[in-house]
Structures are given as structure tokens and as C-alpha cells.
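The structure appears below as C-alpha cells.
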There are 2 protein chains.
Amino acid sequence: MGWSLAVHGGAGPSKHRTYEAEEAHMTALLERGADMLDDGASALDVVTAMVRELEESGQHVDGKGASANSEGVYELDAAVMDGAARRAGAVAALVGFRAPILAARAVMEKTPHVLLAGQGAAAFCGRQGLEQVPDPAAYYTPAVKKALVQGELAHGTVGAVARDASGRLAAATSTGGLLNKLAGRVGDAPLIGSGTWADERVAVSCTGQGEFFIRAAVAADISARMRYGGQTLHAAAAGALADMEAQGGDGGLIAVDAAGNVTAPFVSEGMKRGIATSAGRFEVKTFR
Amino acid sequence: MGWSLAVHGGAGPSKHRTYEAEEAHMTALLERGADMLDDGASALDVVTAMVRELEESGQHVDGKGASANSEGVYELDAAVMDGAARRAGAVAALVGFRAPILAARAVMEKTPHVLLAGQGAAAFCGRQGLEQVPDPAAYYTPAVKKALVQGELAHGTVGAVARDASGRLAAATSTGGLLNKLAGRVGDAPLIGSGTWADERVAVSCTGQGEFFIRAAVAADISARMRYGGQTLHAAAAGALADMEAQGGDGGLIAVDAAGNVTAPFVSEGMKRGIATSAGRFEVKTFR
């Protein structure tokens, strides 16, 4: 039984610039993910590792590359979902910790809860001994500053989805949110069924204008289209994304199904993305 | 064209006690809601008013009757969704404000966001001039104290769904969460697609062990079953709830569809609930 892996670095890219550094990093990242899956790693461990490296890269609007909110505070969101066990963990409006995706995974594994927000999330991360960011101004290097390029969308998210060699599916998403978002704003990334989902059929990680993904329940809708409507992965993902776009939003997503099919549709100008499979597919792209 | 309305006061009731006071309050509440709908009020205004009164009653685990978290802090969650416009607003882990459902509605109407959490949510409520709770110890009168009755479930939520005379659907949910929940814990109530949902087909408000509702995306799943699977409201609600129960949780929900059908299934011992329609149906019950 083979494996499939996809990663994304957000649907914010503008054709006004190129993304060689991001694509080179993503290529190396995918190679490491492929090695892990070849060695029998679980989908859950691989998506966690992929998102953790994307957070740390500073190349995307998440982790080190996050944007500050309207009060100058770095609030981060992340979620992880293990489709085989239908477990999930997430953090929202987390301040002061370096690895939001590890915080999300700790919520999944160390509490009976799915989502912790705000100061309670930070207190939990402290008790778990997760690595702190003692000096935010020194640590964060926002990947998108205000209107670097006129018209560039100041949102971004990273994510990964995988089907491992045992057929298990998992999804992970992490974001630093919107530039100048209101303090406390939570987008779709940490919301199970909105921006992140995994079950026995499909694993999904979304990116884009989160409010529209929430109002269309995009990630869960893909699974529902496959389950109740008998749609293929590609049709389900395209349909859910079209519904989101019809609400007025933009963005994209990556998804993998139980058969190992992968799709990465977007309705924005571009989406930083990479796909690798045990069957030999390997591609990293930003635009169409 | 007629109207339909349903409200719930949580799926926590135990057969070890009776709920006359809650049922009497809910009866009066439903009568006021029926009057509003007879007078042409929008579904959105009616569900907001119903949930606001349930919050204020102190009879349920929300609003005045909320439970403190493990640190003794009252953190509240609420969401509202306007199906006709597919707009939504929500607050999570909100501390210090009296009317979480009005905070959720303000997020929907006064910001481009759907969900605000933690301190940012409180700061927003302060700027909006929403009523504060200056002395939590004096204000809150927890509806469920620790193990009042052995085996009583220490969770609770209130909600309302309506279809107005113009055919518009809306849903609202508010909760004080679980007794002794971790600080920052966010359940399904404020999560669009998990515990609250409204679109052109159906409006849903859930109650129960929120983590399981999140992992099954219960509220959005009901709409998906109707849309892609052609299921009736009753079948869709029962199916989504059965999926939640299969994950190990308990609880219930209220839902109304575009044709005015109403359903109120639960897999817990009881669910405080009331249903009224312009066709003359009027019932308030706690158990089967």
C-alpha cells in the first residue's frame, strides 16, 4: 500500500513576485516527508512534522512568519486531526509559544478537549513545557508586511495532509492569521470542519479568507460530498471551494483521500503547494 | 407562509429530578417567541431574543447559570448564524460580559470576522459598550454545582432555531461550558458547523459533550445529508447525532428546515426543549 502527501504555504501569493526560496524549501520539506512515509511513519506524525517545519521557516504567514494583529500582538492558531481515530486538537489566539502545531497536538493527546483559546491555551502550553517566545519583536519576521506589493493578500496559512502506508489519513494547519486582524480573531485554520478535517475518507487543510471557509464549512463539506453524494475527491474539493467562492471569499486547499488521490485546487491567484506520492509524483508549484 | 420555532436548555437533565420551573419558563419564552414571529419578526431576531432570555434565566448552564472553569473563571461561548445571508458571529472564552449571544451578534454585524476569542473578544465587547459583569461571584448562580446529583452531567447549553414567516432560517447557541473544564476550553457551541449552523436548508443548535460534536461536525452534517443525500430533516438530524454518539459522546439538538419541519432528537437521558409552530404545535418537554 502506497502513501500520498501534500503541503501548502498559503493562497496569498501574488503574480507581482516570484517564490523561488519558498519553492526550494518546500521541495526539501517534501523530500523529508517522503522519506518519513517510506520509513513507515504515521500520517499524523508526518503532517505534524511538515507543518512544524513550515512554521519555523518564516516564509509563510504562520509560526515565525506570522503577522501581528491590530494591537501588535502575535496570536497564532493551529489544528491537527487524526482521521483514523477521529481525534483532533487545536489552539486559537495563542500568544507566546513557538510551535502552535505542537500545542494543538498536545491538546489532542493530553486533554479531553479539542480546542483551547487565549490565555487558557497559553497556560496549558506553559504547563506542558512547550517552547516559549520570550521576545516576540526579536523572534517574528512577518512574511507579509503591509502592502509590500499593492494588492497582495495579507493572509496566509500552512498545512499538510497525508495518507500513510497503512491507509491512515491526517491533516494539520497552522496560521498567523490576517495582517491587522482584530485581536482575538480566529479564522478557519483551527476550526475542525472549517479549515481542517480528517476522517476515514479524506484529510483536508484549507487556506484563504477564513471567514468564508467557516461560513461554508469547507473541510467537512468535502467529506460529506464524497460520503452522501458519491463525489470523487476532485469534484468534492472543487465543489466545496466553489461554494466558498460564491460567498465572496478566495483561497484554496489540499486534500487526500483513502485511495491516495491528491487534489490542490485554489481560486486565488496562486497557492504555494507541493505534492508527493509513493507512485513517483513529485511537484512543487505556486501558480497554475 | 407559516413559522416554526424551537428552543433548548441543554441535554444535561437527569431523571433524578424534575424540571417544573425550567419548563414553566420555557413555556412563557416560547409564547413570546410565537408572538414575535406572528408579528413578522425575523428568524435572526427571534433566536437572538430567545437565547438572550435563556442566558438571563440562570436555569441552564449558560449566561447567569454558567459554570466556572477549573480556575474559577466564568468563560462563556456563543454563536449566531443567519441562514438567509449565510452570515455568522461568535465569541469563545469570553470573560466579563453578561450577554454572550449579543456579543456574538455584534461580531457578525460589526466586524468582518466570524469568531473572536479570549481577551480580544472582551476588548471588542468593551468597545461595543456591551453590559459587563463587574462582580462575577455575585452575578453567576451556576445551574449545576458539582455532583448535585450523582451521575448528573455537568454540561449544558441553550439554543434556538427558527424559520420566520418569510422563510428565513436562523440559529443561536450559548453556553457556560463544562463544569471544571480547562481554562480556555472551547466547545462546539460557538463553532459554526459543529454546534451551530444555518443556511438556506436548515438551522441547527446542538447541546451535549461538545468535543464529540466537533469531531463529527454535527450541525453542518445535517445540512449536507439533506443536500447531497436527499435525507429528510428527521433522518438527517438522527443520522448526524448517531454518528456523534458512535464517537462516544452524548447530547441532542434542535433543527428546523426550510419547509418549517422541526426535530429535536437526543441520545442523552433528557433534553429541555420547546417547539412552537404557526400551525398550532406547542410543546415543552424534558424527557421522552
(request) Could you tell me which residue of the stretch B:70-86 is nearest to B:Val133 (Cα to Cα), considering only residues that are at the interface with chain A (Cβ under 10 Å from one of its Cβ atoms) and surrounded by fewer than 24 Cβ atoms within 10 Å (Cβ to Cβ)? (result) B:Val73
(request) Kindly indicate whether any position in the stretch B:277-284 is hydrophobic (A, V, I, L, M, F, W, C) and in contact with a Pro (Cβ under 6 Å, 6 or more places away or on another chain). (result) no
(request) For the stretch A:101-112, enumerate the residues that are out of contact with any Gly (no Cβ under 7 Å at 6 or more places or on another chain) and buried (at least 24 other Cβ atoms within 10 Å of the Cβ). (result) A:Ile101, A:Ala103
(message) Take the residues in the stretch B:237-256 that are in contact (Cβ under 8 Å) with a residue 40 or more places away in the chain and at negative phi; name whichever of them is surrounded by the fewest Cβ atoms within 10 Å (Cβ to Cβ).
(response) B:Asp250
(request) Check off (1) within 18 Å of the chain's Cα centre (by Cα); (2) closer than 20 Å to A:Gly167 by Cα for A:Ala279 and give me the number that stays unchecked. (result) (1)
(request) For the stretch B:267-276, name all the residues that are in a strand (DSSP E or B) and either touching a His at 6+ places or on another chain (Cβ under 6 Å) or surrounded by fewer than 24 Cβ atoms within 10 Å (Cβ to Cβ) (or both). (result) B:Arg273, B:Ile275
(request) Consider A:Ala259 carefully, then state whether it is part of a loop (DSSP other than H, G, I, E, B), more than 9 Å from chain B (Cβ to nearest Cβ) and surrounded by 24 or more Cβ atoms within 10 Å (Cβ to Cβ). (result) no
(message) I need a count of the residues in the stretch A:87-120 that are facing chain B (nearest Cβ under 10 Å), outside any loop (DSSP other than H, G, I, E, B) and farther than 22 Å from B:Ala217 by Cα.
(response) 4
(request) Give the number of residues within the stretch A:99-123 that are among the β-branched types (Val, Ile, Thr) and without any contact (Cβ under 8 Å) to a residue 40 or more places away in the chain. (result) 2
(message) Anything in the stretch B:134-149 that is more than 21 Å from the chain's Cα centre (by Cα) and part of a loop (DSSP other than H, G, I, E, B)? List them, or say none.
(response) B:Pro134, B:Asp135, B:Lys146, B:Ala147, B:Leu148, B:Val149
(request) Scan the stretch B:1-28 for residues that are part of a helix (DSSP H, G or I) and either out of contact with any strand residue (DSSP E or B) (no Cβ under 7 Å at 6 or more places or on another chain) or within 17 Å of B:Ala49 (Cα to Cα) (or both) and jot them down. (result) B:Glu20, B:Ala21, B:Glu22, B:Ala24, B:His25, B:Met26, B:Thr27, B:Ala28
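From B:Gly2, B:Gly65, B:Gly40, B:Gly12, which residue is within 16 Å of the chain's Cα centre (by Cα), more than 14 Å from chain A (Cβ to nearest Cβ) and either among the aromatic types (Phe, Trp, Tyr) or surrounded by fewer than 24 Cβ atoms within 10 Å (Cβ to Cβ) (or both)? Talk me through it step by step, then tell me what you get.
Details: B:Gly2 fails: within 16 Å of the chain's Cα centre (by Cα); B:Gly40 fails: within 16 Å of the chain's Cα centre (by Cα); B:Gly12 fails: either among the aromatic types (Phe, Trp, Tyr) or surrounded by fewer than 24 Cβ atoms within 10 Å (Cβ to Cβ) (or both).
Of B:Gly2, B:Gly65, B:Gly40, B:Gly12, the one residue that is within 16 Å of the chain's Cα centre (by Cα), more than 14 Å from chain A (Cβ to nearest Cβ) and either among the aromatic types (Phe, Trp, Tyr) or surrounded by fewer than 24 Cβ atoms within 10 Å (Cβ to Cβ) (or both) is B:Gly65.
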(request) Scan the stretch A:214-236 for residues that are within 14 Å of another protein chain (Cβ to nearest Cβ), in a helix (DSSP H, G or I) and in contact (Cβ under 8 Å) with a residue 24 or more places away in the chain and report the count. (result) 10
(message) Please count how many residues of the stretch A:190-229 are touching a strand residue (DSSP E or B) at 6+ places or on another chain (Cβ under 8 Å), among the basic types (Lys, Arg) and surrounded by 24 or more Cβ atoms within 10 Å (Cβ to Cβ).
(response) 1
(request) Please name all residue pairs, on different chains or six or more residues apart, with Cβ atoms under 6 Å, provided the first residue is in the stretch A:181-210 and is touching a residue at least 40 places away in the same chain (Cβ under 8 Å) and β-branched (Val, Ile, Thr) and the second residue is surrounded by 24 or more Cβ atoms within 10 Å (Cβ to Cβ) and in a loop (DSSP other than H, G, I, E, B). (result) A:Thr207/A:Gly10; A:Thr207/A:Ala11
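Of the residues B:Glu200, B:Glu211, only one is touching a Leu at 6+ places or on another chain (Cβ under 9 Å), at the interface with another protein chain (Cβ under 9 Å from one of its Cβ atoms) and among the charged types (D, E, K, R); which? I'd like the intermediate steps shown before the answer.
Numbers: B:Glu200 fails: at the interface with another protein chain (Cβ under 9 Å from one of its Cβ atoms).
B:Glu211 is the lone residue from the list that is touching a Leu at 6+ places or on another chain (Cβ under 9 Å), at the interface with another protein chain (Cβ under 9 Å from one of its Cβ atoms) and among the charged types (D, E, K, R).
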(message) I'd like the full set of residues that are at pLDDT 95 or above and in a loop (DSSP other than H, G, I, E, B), limited to the stretch A:29-74.
(response) A:Asp39, A:Gly40, A:Ala41, A:Ser42
(request) Count, please, the residues in the stretch B:121-143 that happen to be away from chain A (no Cβ under 14 Å), more than 23 Å from B:Gly72 (Cβ to Cβ) and buried (at least 23 other Cβ atoms within 10 Å of the Cβ). (result) 0
(message) Out of the residues in the stretch A:170-189 meeting the condition of being within 14 Å of chain B (Cβ to nearest Cβ) and of a type in the set (A, V, I, L, M, F, W, C), tell me which one is surrounded by the most Cβ atoms within 10 Å (Cβ to Cβ).
(response) A:Val186
(request) Taking B:Ser205 as meeting all but one of (1) small (Gly, Ala, Ser); (2) within 12 Å of another protein chain (Cβ to nearest Cβ); (3) outside any helix (DSSP H, G or I), write down the number of the exception. (result) (2)
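The values are calculated or read from the model by the stated rules, or taken from the named source; none is laboratory data. The structure displayed is predicted, hence computed values, not measured ones. All Cβ positions, even for glycine, are placed from backbone atoms using ideal geometry, and neighbour counts span all protein chains on display.
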